[in-house]
């Protein structure tokens with residue numbers, strides 16, 4: 001190939017590869033396969049190797065610079081990169097609107113531009129006559145680090161601005177693009193899975209990983225990690241070039257940048273709040289993490305006129321969603337007795353708002369866990385709550401201790417019935433109340449029997465169950481089937497409609513599925529999946545009740561500990577009387593007539609929160625098709641379903657065991673009949 005031919009060919013290759021990049025990263029569509037694009041890049045590399053003088057600054061081959069950098073120099077921003085003031089509800093958004101309205105001429109109508117707030121590292125890209133010349137981190141807002149070599153490795157960063165008829169003037173002179181460097185949730189999960197297989201420590205979260213990556217001195221390492229640049233602003237020397245933020249987003253997309261498609265013009269605060277509610281519900285669908293919205297005055301001349309207060313512009317706010325973590329103080333630690341007698345330490349907290357609800361108590365799991373984390377009364381602690389997961393104490397902030405904190409000591413006796421607490425086996429982590437008649441165990445047994453995962457009786461939550469027990473209307477789960485509307489009406493908590501509704505709900509549950517009934521009995525160690533395994537294997541309640549330890553141990557997934565617990569439960573005279581009472585009242589679980597399904601022999605674990613269904617609902621659907629739903633990853637786990645807000649432990653174990661991962665979408669496909 002002659003040099004003129006090579007020049008012509010390389011120019012066409014650059015155009016085609018850059019066009020592929022634009023369609024893939026900006027329009028979210030593919031005009032060719034990744035393999036084909038790689039082949040074109042390889043050909044371009046070969047031409048440039050033979051004719052180095054044909055290399056252009058915006059050539060796709062120039063994304064990865066060579067040797068590691070000695071360090072980062074400091075660069076001054078053309079204008080300060082500001083922070084935003086936070087607001088948390090409609091009242092605070094209204095107050096913000098009221099403040100800025102007072103600074104504008106009377107009758108000024110405000111139009112708002114809202115976008116999903118990305119959780120990443122803010123950066124500025126500078127283009128001179130259409131070519132990328134600088135990449136700068138936010139730094140302190142005035143001065144940032146020169147990370148030009150690193151941002152060039154990010155595929156979604158155009159090395160030259162895309163030609164656009166409407167915005168052709170932006171290819172001349174200085175154009176600055178501001179945005180967020182983010183790592184997508186799916187990429188973060190894949191990266192951590194690979195690190196787990198290599199025995200490397202896992203990264204904490206996508207935001208920190210993106211920020212840490214862009215500050216690496218080796219551009220090749222940066223190129224090996226999947227980062228995205230999401231643009232949200234465009235600056236020109238002439239402010240009139242961009243009259244509104246909506247125009248800025250149009251220009252950004254035309255010039256070759258990713259800019260969120262969720263962004264929208266809104267005409268009132270009510271519209272802003274509806275937009276916020278929509279994305280609070282749907283944010284799990286987004287590829288990146290978000291903790292709220294950015295809301296701005298759309299007109300940029302008005303925005304500029306409103307000015308800056310401190311580090312924040314008056315004309316924009318960050319509307320934050322409720323956090324899933326917060327700090328608070330441990331006022332006390334008490335022991336709660338569960339339906340199986342387990343004595344669980346619970347932290348009583350100073351009320352704190354987490355994930356949209358006020359949290360006043362959090363589980364500490366067991367005595368060993370309290371000791372391991374060294375949680376004391378009086379500690380300032382980090383509390384976590386995600387989705388429908390019970391709040392838990394993550395860790396104490398030891399550096400905030402002042403010496404008045406008191407270590408926790410497990411009581412010797414049950415706080416409810418004063419029976420001496422015991423450990424059934426030395427290796428047990430939990431202490432237990434052995435008294436079957438313990439008041440705390442009684443109401444929790446009934447609540448468990450009526451719970452969504454068991455018989456799913458609407459209206460029998462904690463408060464109503466306690467009210468029924470205090471009125472001496474029920475003592476055990478079978479007693480609920482004796483309730484009459486007149487008896488329920490005698491309680492303060494019920495009126496005609498609610499009393500009739502409760503009694504009707506109970507009457508519809510006299511022929512429950514065998515697995516739900518067995519789970520509802522509250523047999524120690526017998527979770528929902530164990531109940532399904534027992535039901536599918538033995539088919540009838542009488543057969544389960546008569547099974548020996550050896551027969552139970554033959555059931556796949558049931559070991560010696562569970563088998564002993566099942567035999568012990570059905571051997572207990574108190575429980576035999578309970579079953580007889582159920583039968584007398586006409587409560588007879590349906591025998592299992594058919595076992596099997598398209599997921600037979602397959603085991604599933606779900607980690608994180610799912611968008612379209614709860615974890616228990618996913619388990620039911622898996623079991624209905626013959627699959628096994630497990631709580632933890634083991635050697636026999638076939639699939640780990642990965643949702644949002646994923647913890648590291650299950651991912652790490654799955655990676656070590658080679659367990660196949662599924663997205664929620666892939667699970668939904670498997671669950672189709």
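Okay, here's what the table says:
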read-out	value
Order of 448, 165, 413 under a 10 Å beta carbon neighbour criterion, fewest first	165, 413, 448
Angle in degrees between helix 90-102 and the longest Cα principal axis of the chain, rounded to the nearest 10	30
Cα convex hull volume per residue for the stretch 68-146 (Å³)	176
Cβ-Cβ FRET estimate between residue 422 and residue 500, R0 fixed at 56 Å, reported to 0.05	0.80
Descending semi-axes in Å of the stretch 603-671, equivalent ellipsoid built from Cα gyration tensor	17, 14, 10
Packing-based ranking, highest mean first, of 239-252, 367-380 given that Cβ atoms within 10 Å are counted	239-252, 367-380
Paramagnetic label zone (point 7 Å from Cα along Cα-to-C-beta, residue 190; backbone N under 19 Å) in the stretch 95-127	none
Residue order, fewest to most surrounding Cβ atoms within 10 angstrom, among 422, 383	422, 383
If the convex hull is drawn through the Cα atoms of the chain, its volume per residue in Å³	216
Range of Cα positions in the stretch 85-320 per principal axis (Å), largest first	63, 41, 32
Kirkwood-based shape ratio for the stretch 393-505, expressed as Rg/Rh from alpha carbons	1.14
Förster radius 56 Å - calculated FRET efficiency between residue 108 and residue 583, Cβ distance, rounded to 0.05	0.15
Cα-based Rg of the stretch 235-352 normalised by 2.2 N^0.38 Å, two decimals	1.64
Solution diffusion estimate, µm²/s, Stokes-Einstein, the stretch 204-284, Kirkwood Rh from C-alpha pairs, 25 °C, viscosity 0.890 mPa s	156
Ranked list, fewest to most other Cβ atoms within 10 Å of each Cβ, for 115, 638	638, 115
Ellipticity estimate at 222 nm from DSSP helix runs (n ≥ 4, -39,500 (n - 2.57)) divided over the chain, nearest 500	-10500 deg cm²/dmol
DSSP bridge orientation in the stretch 603-671 - percent antiparallel, rounded to nearest 5	10
Histogram of C-alpha separations across the stretch 533-673, 10 Å bin width, %	11, 33, 30, 20, 6, 0
Debye intensity ratio in log₁₀ form over the Cα atoms of the stretch 439-584, taken at each q of 0.14 Å⁻¹	-0.67
Alpha-carbon spread of the stretch 301-450, three principal axes, descending order, Å	73, 43, 23
Folded to 0 to 90 degrees: helix 185-197 orientation relative to the chain principal axis, Cα	70
Tilt relative to the chain, helix 3-25 - C-alpha long axis, 0 to 90 degrees, to 10	30
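Readers should treat all values here as calculations from the given coordinates under stated rules, not as data from a laboratory. Remember, it's a predicted structure, so these values are computed and weren't measured experimentally. Note that each Cβ is placed from the backbone with ideal geometry, even for glycine, and that neighbours are counted across all protein chains shown.
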